[in-house]
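Participant: Sharing a structure, written as structure tokens. Questions coming.
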């Protein structure tokens with residue numbers, strides 16, 4: 001299944017983060033489809049975060065444990 005998520009971050013903009021879907025990705029037609037879509041999107045974004053952490057660790061930009069700890073701190077703020 002194809003999924004496309006666009007995350008546009010520009011800290012100079014009033015709304016710093018914009019999230020969108022590709023034009024060829026069908027919009028959900030009901031609440032259950034919307035729920036499934038957002039869960040899938042969150043899974044994809046989390047997988048992308050894991051890949052970014054791995055790349056940073058492999059290139060010695062930061063330690064994986066430190067990056068994971070910071071990620072967990074950010075998520076915990078939402079609770």
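Coordinate-derived values only; no laboratory data. The structure presented is a predicted model; accordingly, all values stated were derived computationally and were not measured. Positions of Cβ are generated from backbone atoms using ideal geometry, with glycine treated the same way; all protein chains shown enter the neighbour counts.
Participant: Based on the mean of other Cβ atoms within 10 Å per residue, sort peptides 9-21, 58-70 so the most packed one is first.
Facilitator: So the order, starting with the most tightly packed, is 58-70, 9-21.
Participant: Now for a separate question. To the nearest 10 degrees, how steep is helix 64-76 against the longest Cα principal axis of the chain, on a 0 to 90 scale?
Facilitator: 50
Participant: Let me see the P(r) profile for the chain: every Cα-Cα distance counted, bins of 10 Å, each bin given as a percent of all pairs.
Facilitator: It works out to 15, 36, 37, 12, 1, in whole percents.
Participant: Under the rule of -39500 (n - 2.57) per DSSP H run of 4 or more residues, summed and divided by the residues of the chain, what mean residue ellipticity at 222 nm is obtained, to the nearest 500 deg cm²/dmol?
Facilitator: After summing the helix terms and dividing by residue count, I get -18000 deg cm²/dmol.
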